[in-house]
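Contents: one structure, followed by commentary.
The values are calculated or read from the model by the stated rules, or taken from the named source; none is laboratory data. As the structure is a computational prediction, the values presented were derived from the model and not from experiment. Every residue, glycine as well, gets a Cβ built from its backbone with ideal geometry; the counts of neighbours run over all protein chains shown. Ligands, DNA and RNA are excluded from the accessible area calculation, which covers all protein heavy atoms including side chains. Shrake-Rupley method; radii C 1.70, N 1.55, O 1.52, S 1.80 Å.
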Amino acid sequence: MPILYSYRRCPYAMRARMALKYAGIQIEHREIELRNKPRSMLQASPKGTVPVLLVEGKVIDQSLNIMHWALQQSDPDGWKGVDELLAQDWIEKNDGPFKRLLDQYKYPNRHPDLNPNEVLQSAIHLMLEPMELTLQTHPFLMGAKQTWVDIAIFPFIRQFSMVKPERFQELALPALRAWLQLHLESDLFQAVMEKHPTWLD
């Protein structure tokens with residue numbers, strides 16, 4: 001059985017767990033403590049970040065690679081059927097500049113030289129408004145159907161919305177909030193957010 005080292009609230013681990021669950025892949029879930037990472041995980045992946053998937057003698061330690069591996073095994077609803085260039089554009093924007101803005105927004109004490117409101121406006125301009133405009137046209141980022149791109153980006157929007165929930169609710173982003181709520185209430189998300197005991201080697 002594949003082994004997944006994970007951390008419940010990590011958005012990278014979250015999207016990997018969602019893809020594995022969607023694909024119906026049974027895993028041994030090893031929940032880690034960030035301050036006390038298991039030696040077995042560090043031996044497999046010295047970079048020391050989750051998720052890490054051990055499968056068939058291979059180590060897959062990038063969340064997108066885990067997602068794509070899972071979909072290669074099983075893709076019942078056709079999540080892979082996307083415009084690759086458009087998908088790449090969304091993912092690069094999310095995993096690159098938006099993730100940096102998310103960290104700056106979430107941890108303002110680590111960035112005392114930055115104006116939190118300017119960080120928020122940058123995030124809105126870069127990611128949230130383009131998502132809103134897209135989602136006003138169709139229910140998912142790539143069109144009428146949910147795809148792996150929605151799942152890959154959702155955990156980061158969730159995290160952003162939780163930094164200042166009241167402020168997020170005030171933003172003129174009704175389609176984005178509806179999309180977010182759809183994922184939050186989904187059986188898939190609920191299933192991968194079950195709590196697991198901490199793994200000890």
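Numbers below:
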{"quantity": "Residue within segment 22-29 that is of a type in the set (Phe, Trp, Tyr) and assigned to a loop (DSSP other than H, G, I, E, B) present", "calculated": "no"}
{"quantity": "Enumeration of residues in segment 189-201 that are surrounded by 11 or more Cβ atoms within 10 Å (Cβ to Cβ) and assigned to a helix (DSSP H, G or I)", "calculated": "Phe189, Ala191, Val192"}
{"quantity": "Qualifying residue in segment 22-32 (condition: over 22 Å from Met162 (Cβ atoms) and of a type in the set (D, E, K, R))", "calculated": "yes"}
{"quantity": "Given (1) free of Cβ contacts under 8 Å to residues at least 12 places away in the same chain; (2) within 26 Å of Leu42 (Cβ to Cβ), number of the condition Val59 does not satisfy", "calculated": "(1)"}
{"quantity": "Conditions (1) open to solvent by 30 Å² or more (accessible area, probe 1.4 Å); (2) assigned to a helix (DSSP H, G or I); (3) not hydroxyl-bearing (Ser, Thr, Tyr): number failed by Met41", "calculated": "(1)"}
{"quantity": "Neighbours by Cβ (under 9 Å, 6+ apart or cross-chain): first from segment 67-88, farther than 17 Å from Ile153 by Cβ; second loosely packed, with under 13 Cβ neighbours inside 10 Å", "calculated": "Trp69/Lys58; Gln73/Gly24; Ser74/Gly24; Asp75/Gly81; Pro76/Gly24"}
{"quantity": "Leading residue by the ranking (farthest from Ala44 (Cα to Cα)) among those in segment 172-201 that are touching a Lys or Arg at 6+ places or on another chain (Cβ under 8 Å) and free of Cβ contacts under 8 Å to residues at least 60 places away in the same chain", "calculated": "Leu180"}
{"quantity": "Residue ranges of helices (runs of 4 or more DSSP H) in segment 75-188 with at least 3 members among the hydrophobic types (A, V, I, L, M, F, W, C) and open to solvent by less than 80 Å² (accessible area, probe 1.4 Å)", "calculated": "84-93, 116-123, 148-163, 174-184"}
{"quantity": "Residue list for segment 106-153, restricted to those being under 16 Å from His183 (Cα atoms), of a type outside the set (Gly, Ala, Ser) and over 16 Å from the mean Cα position of the chain (by Cα)", "calculated": "Glu132, Leu135, His138, Pro139, Met142, Lys145"}
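Table: residues versus (1) open to solvent by less than 20 Å² (accessible area, probe 1.4 Å); (2) polar (S, T, N, Q); (3) closer than 28 Å to Glu84 by Cα.
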{"position": "Ser6", "(1), (2), (3)": "yes, yes, yes"}
{"position": "Tyr22", "(1), (2), (3)": "no, no, yes"}
{"position": "Arg30", "(1), (2), (3)": "no, no, no"}
{"position": "Glu33", "(1), (2), (3)": "no, no, no"}
{"position": "Gly48", "(1), (2), (3)": "yes, no, no"}
{"position": "Leu53", "(1), (2), (3)": "yes, no, yes"}
{"position": "Glu56", "(1), (2), (3)": "no, no, yes"}
{"position": "Asn65", "(1), (2), (3)": "no, yes, yes"}
{"position": "Leu71", "(1), (2), (3)": "yes, no, yes"}
